[in-house]
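Peer 1: Quick one: this structure, given as structure tokens, is what I'll be asking you about.
None of the figures in this text is laboratory data; all of them are computed from the coordinates on show. Only a predicted model underlies this, so the values are computations on that prediction, with no experimental measurement involved. Every residue, glycine as well, gets a Cβ built from its backbone with ideal geometry; the counts of neighbours run over all protein chains shown.
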Amino acid sequence: MTTWTDHTADRPIALTAPSGIDRAAHHRLDEAWLAAAWSHPTTRCFVVSGGQVLIDETPDGTTELVMTPSFEAPLTEAHRYFLGTDAEGVSYFALQKDSLPGRMDQSARSAGLREAGMLLSPRDTGLMVHAVGLENWQRTHRFCSRCGERTVIAAAGHIRRCPACGAEHYPRTDPAVIMGVTDDDDRLLLGRQVHWPEGRFSTLAGFVEPGESIEQAVRREVHEEVGITVGRVEYIASQPWPFPSSLMLGFMARATSTDIDVDGDEIHEARWFSREELRAAFESGEVLAPYGISIAARLIELWYGKPLPTRGHTG
Ligand SMILES: [Zn+2]
């Protein structure tokens, strides 16, 4: 029985690198502590709106979140998320805004996680993925799902409370599975979604349904999308995917059949590739090599055994 060894384990999957930030959840309900932290001169905050933040290039060529001392920030306490503290005791907050402020200087610009996740340091990426996840949830859960009353923010952005019925609502995370499927000849199955451009192929993925284990979700999704039956399922790694609120659970899965029958609904085309076939397809441009922050490229690399050829990138 194969156990997949991640040859690239020293390179963290995007959005999952250790950020060095302690989320310090025990402070979230301590209003006195939060007020003191907010007025402390070392505390930093950044703005988040619609999944976007402001980033800027530094003189040494790196990219960073645009942060300001919290005492200089216009405070609307209701829209302040406490994200944690670092090893030096610096506290970090995100401020939710309806829109991002205009350019803070000549080079600052807005960016979402798909772009910023490849540019920012692990600390800034960790702060951003936390803030964006909270902001997505806060923006779309303003009313109580029990009684319909408007809810209010609590726990420094990590809870919404209903003043009418007393319900507490927590940020939701929707589990999704993403899987590299191989057959007995060690070929890899890749599919092209109906809205993807010609040549863009990737691993299959889908949401876990109520009452289903994640292994069942892997088998159901693969069978629904391409008609392949799957036996053994091996968990590899996970990745936060706040677009808007998913957690991607990555697997390698072994097919027990090989005849492809695409559903035509989600998947337009699917193919089995040997390593040699995939390399040739990348080099000819017939298949566009995946890149970006998704765990998909890592699953393909895991099967491929080394970093993928770089020609013919796609988004
Ligand atoms: Zn309610």
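Peer 1: Given 0.36 nm per residue, what is the gain on full extension from His268 to Asp98 after removing their alpha carbon distance, in nm?
Peer 2: 57.4 nm
Peer 1: Just rank Tyr92, Tyr304, Tyr81, fewest to most, by other beta-carbon atoms within 10 angstrom.
Peer 2: Tyr304, Tyr81, Tyr92
Peer 1: Counting other beta carbons within 10 Å of each Cβ, put His27, His40, His195 in order, fewest first.
Peer 2: His195, His40, His27
Peer 1: Please report the antiparallel percentage of DSSP beta bridges with both residues in the chain, rounded to the nearest 5.
Peer 2: Roughly 70 percent of the DSSP beta bridges within the chain come out antiparallel.
Peer 1: Here's something else I'd like to know. What is the distance in Å between the Cα centres of region 239-315 and region 138-192?
Peer 2: 25
Peer 1: How large is the dipole of region 25-140 about the Cα centre if only Lys and Arg carry +1 and Asp and Glu carry -1, each at its Cβ, rounded to the nearest 20 debye?
Peer 2: 320
Peer 1: Output ³J(HN,Hα) for region 272-277: one whole-Hz value per residue in order, computed from phi by the Karplus curve 6.51 cos²θ - 1.76 cosθ + 1.60 with θ = phi - 60°, and x for Gly and Pro.
Peer 2: Residue by residue, region 272-277 yields 8, 10, 7, 4, 5, 5 Hz.
Peer 1: Using a simple charge model, +1 on the beta-carbon of Lys and Arg, -1 on the beta-carbon of Asp and Glu, nothing else, what dipole does the chain show about its Cα centre, in debye to the nearest 20?
Peer 2: That gives a dipole near 860 debye.
Peer 1: Could you please state, rounded to a whole Å, how far the C-alpha centre of region 58-75 is from the C-alpha centre of region 6-52?
Peer 2: Distance between centres, Cα-based: 14 Å.
Peer 1: Check Thr151: other-chain or 5+ apart residues with amide H under 5 Å from its amide H, H built from backbone geometry?
Peer 2: Result for Thr151 returns Phe143, Cys144.
Peer 1: Further question: I'd like the Karplus ³J(HN,Hα) series for region 126-133: coefficients 6.51, -1.76, 1.60, θ = phi - 60°, whole numbers in Hz, and an x wherever there's a Gly or Pro.
Peer 2: Couplings: x, 5, 5, 5, 5, 5, 5, x Hz.
Peer 1: Using packing as a proxy for protection, rank 137-143, 178-184 so that the peptide with the highest average count of other Cβ atoms within 10 Å comes first.
Peer 2: Descending mean neighbour count gives 178-184, 137-143.
Peer 1: Long-range amide H contacts for Val230: which residues qualify at under 5 Å (H placed 1.01 Å from N, peptide plane, sequence gap of 5 or more or a different chain)?
Peer 2: Thr256
Peer 1: Still on this model: Just want the answer: with Cβ charges of +1 for Lys and Arg and -1 for Asp and Glu, which residue in Leu120, Leu34, Ser107 is farthest toward the dipole's positive end in the chain?
Peer 2: Projecting each Cα onto the dipole axis, the largest value belongs to Leu34.
Peer 1: Sticking with this structure for a sec: Tell me, Met118, Met67 in order of fewest to most beta-carbon neighbours within 10 Å?
Peer 2: By the 10 Å Cβ count, ascending, the order reads Met118, Met67.
Peer 1: Another question, if that's okay. Taking the Kirkwood radius as the inverse of the mean 1/r across Cα pairs, report the Rg/Rh of region 25-140.
Peer 2: 0.94
Peer 1: Tally the DSSP beta bridges in region 133-277 and give the antiparallel ones as a percent, rounded to 5.
Peer 2: Around 75 percent of the beta bridges assigned by DSSP in region 133-277 are antiparallel ones.
Peer 1: What is the dipole size for region 174-314, taken about its Cα centre, with +1 at each Lys and Arg Cβ and -1 at each Asp and Glu Cβ, in debye to the nearest 20?
Peer 2: Result for region 174-314 is approximately 600 debye, rounded to the nearest 20.
Peer 1: Sticking with this structure for a sec: Hey, what number do you get for the chain at 222 nm if only DSSP H runs of n ≥ 4 count, each worth -39500 (n - 2.57), divided across all residues, to the nearest 500?
Peer 2: -6000 deg cm²/dmol
Peer 1: Which whole-Hz ³J(HN,Hα) couplings does region 241-258 yield from phi under the Karplus relation 6.51 cos²θ - 1.76 cosθ + 1.60, θ = phi - 60°, glycine and proline marked x?
Peer 2: 9, x, 10, x, 7, 9, 10, 7, 10, x, 9, 10, 9, 9, 6, 10, 9, 10
Peer 1: Report the semi-axes of the equivalent ellipsoid for the chain in whole Å, largest first, where each axis is √(5λ) for an eigenvalue λ of the Cα gyration tensor.
Peer 2: 39, 24, 17
Peer 1: Would you be so kind as to identify which of Gly157, Asn136, Gly180 lies farthest towards the positive end of the dipole of region 102-185, taking Lys and Arg as +1 and Asp and Glu as -1 on Cβ and the Cα centre as origin?
Peer 2: Value computed over the given set: Gly157.
Peer 1: Quick one: of the DSSP bridges fully inside region 25-140, what percent are antiparallel, nearest 5?
Peer 2: So the antiparallel bridges in region 25-140 amount to around 75 percent.
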